[in-house]
1. Using a simple spin-label model with points 7 Å from Cα along the Cα→Cβ vector, what separation in nm is obtained for A49 and A106?
2. Here are some pairs, K121/K149; K42/K70; K42/K254; K42/K149; K107/K149; K89/K149; which of them have Cα atoms lying more than 20 Å apart in this structure?
3. If you line up the long axis of helix 143-155 against the longest principal axis of the chain, both from Cα atoms, how many degrees apart are they, to the nearest 10?
4. At 7 Å along Cα-to-Cβ for each site, give me the label-to-label distance between Q278 and A92 in nm.
5. Tell me, what HN-Hα J-couplings in whole Hz come from the Karplus equation 6.51 cos²θ - 1.76 cosθ + 1.60 at θ = phi - 60° for each residue of the range 119-124, using x for Gly and Pro?
6. Compute the distance from the alpha-carbon center of the range 50-128 to that of the range 159-220, in whole Å.
7. Say R0 is 35 Å: what FRET efficiency, to the nearest 0.05, do A220 and F139 get from their beta-carbon distance?
8. Run the numbers on the chain and let me know its relative contact order in percent, using alpha-carbon pairs under 8 Å that are six or more apart.
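Rule-based calculations on the coordinates, nothing more; no lab input. All figures in this text were calculated on a predicted structure; none of them were measured in a lab. Cβ placement follows ideal geometry from the backbone for every residue including glycine, while neighbour counts extend to all protein chains displayed.
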Amino acid sequence: MTRAAIFQNAASKAQAVARLESSLAPPAAAAVRRPLMAGNWKMNPKTLAEAETLAALVAAAAKADGGVAKSNADVLVCAPAAFLAPVGKILAGSGVSLGVQNIYHAKDGAFTGETSLTMAKSVGCTFALVGHSERRQLFGETDALVGLKTRAVLDAQMTAVVCVGESKEQYETGLVRDVCGAQLAGALENVTAVEIENGRVVIAYEPVWAIGTGLTATPAIAQSVHAFIRGWVREVFGDKSAERVVIQYGGSVKPDSVDELMRCPDVDGCLVGGASLQADAFAR
């Protein structure tokens, strides 16, 4: 089957892909993946002064105990566009990477209110969130648009954090794999296996019903969906890509829930929302 045909039929092949879970690479494969803990500040905090204080606290925590390089995970902060430059200056040298929450796929032009990748890179961004559920739900971003943005991020030599996830209704009706498969197909249609293998794409599974609700998918639920995603990557891009791709969990992650989630063999980090606005909670 050609790669194009695989993408065309991705959403309808959920059952076949689910069977791949039983043949996933052994847990030892996780050794090639270094966890990534990312904080998504969303439209917070309220002022530049508050953002600078939060960034300073995050930077200080990242430098403690030998710094990020000697820790168990890499760290990323995705700040609002208005705060990127000053936050980037504060985080510089701390080992914490800077990410932009949203970009437009065009390099420049008459796109009022949008942020280009050139702009984001110029203030120190090396990551970009793509396809966050709030962008999809509130601003009507389609799978096709997410695909354009993902390709643009990679062309700009940055890393794309591609978000996928289902609504509560979709979860309750058993459409998790169908929804995530279709979203992955749209986002990664023009991505190469080599780019996946080289860590240019991070996948973040964020069940929409667990974002900002206080609900968290159980470790068993998270592991099941993450295993499906890794199996999907394996089928489309091959074993090496599946073993190397970092898959984060996002959805009301808290200090008291992170340990159980991180014990799951296919959970390679977290995309943290509200808890990332509290430096001590995020540091934990």
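1. 3.8
2. Details: K121/K149 15 Å; K42/K70 28 Å; K42/K254 16 Å; K42/K149 18 Å; K107/K149 11 Å; K89/K149 26 Å.
Exceeds cut-off: K42/K70; K89/K149.
3. So the inclination is approximately 60 degrees.
4. Inter-label distance under the simple model: 3.2 nm.
5. 4, 4, 5, 5, 9, x
6. For the range 50-128 versus the range 159-220, the Cα centre distance is 22 Å.
7. For R0 = 35 Å, the calculated efficiency reads 0.60.
8. 23
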